[in-house]
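Presented below is the structure to which this report refers.
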Amino acid sequence: MKYVKVAQTAEFIQARKKKISIEGRQILLAYVDDAYYAVDNTCTHMGGSLYDGKLDGDHIVCPRHGSEFDLRTGKLARSGKMAFIKVKAGDIRTYPVKIEGDDILVGI
Ligand code: FES
């Protein structure tokens, strides 16, 4: 595994999310309670961009049908709904994050 510099901590003074691309993968980098999390940006249901979703504590809610994922583990925490029917989404992939000085690096 190699670590790639993707952002600086100063970017997260105002923002809580950033969408990054590493080797063709779209990754959501989120900052919650003094910790950084990196997960696949693409919802496992129908490909919604999780970056456009809402942070709810350490969960991210898909903007398309509301499936909710735990940023720490990538686990599906709650299935969203389409016309009152629960959708089938799977877990999302997580990536390790490390901080070196002011730099944020994601392992891939
Ligand atoms: S695309 Fe994310 S819940 Fe449907």
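Things worth noting here:
- Per-residue HN-Hα couplings for segment 29-37 [Karplus 6.51, -1.76, 1.60; θ = phi - 60°; Hz; x = Gly/Pro]: 10, 10, 10, 9, 6, 6, 10, 10, 10
- Build a GNM of the chain with springs between Cα atoms under 10 Å apart, and of ILE92, ILE13, ILE27 the one that fluctuates most is ILE13.
- Here the relative contact order of the chain, from alpha carbon pairs under 8 Å that lie six or more residues apart, stands at 27 percent.
- Only Lys, Arg (+1) and Asp, Glu (-1) charged, at Cβ; segment 3-107 dipole about Cα centre in debye: 560
- The slack in the chain from ILE99 to ASP33, taken as 0.36 nm per residue of separation less the alpha-carbon distance, amounts to 22.3 nm.
- In segment 3-107, lysine pairs closer than 23 Å at Cα, eight or more apart or cross-chain: 20
- GluC sites (Glu not before Pro) lying in DSSP loop within the chain, provided at most 12 other Cβ fall within 10 Å: GLU23
- Set against the 2.2 N^0.38 Å expectation for a compact globular protein, the chain has a Cα radius of gyration ratio of 1.05.
Each reported figure results from applying straightforward, stated rules to the coordinates on display, with no laboratory input. Quantities reported herein were computed from a predicted structural model and do not represent experimental measurements. Virtual Cβ from ideal backbone geometry, glycine too; neighbours counted across all protein chains shown.
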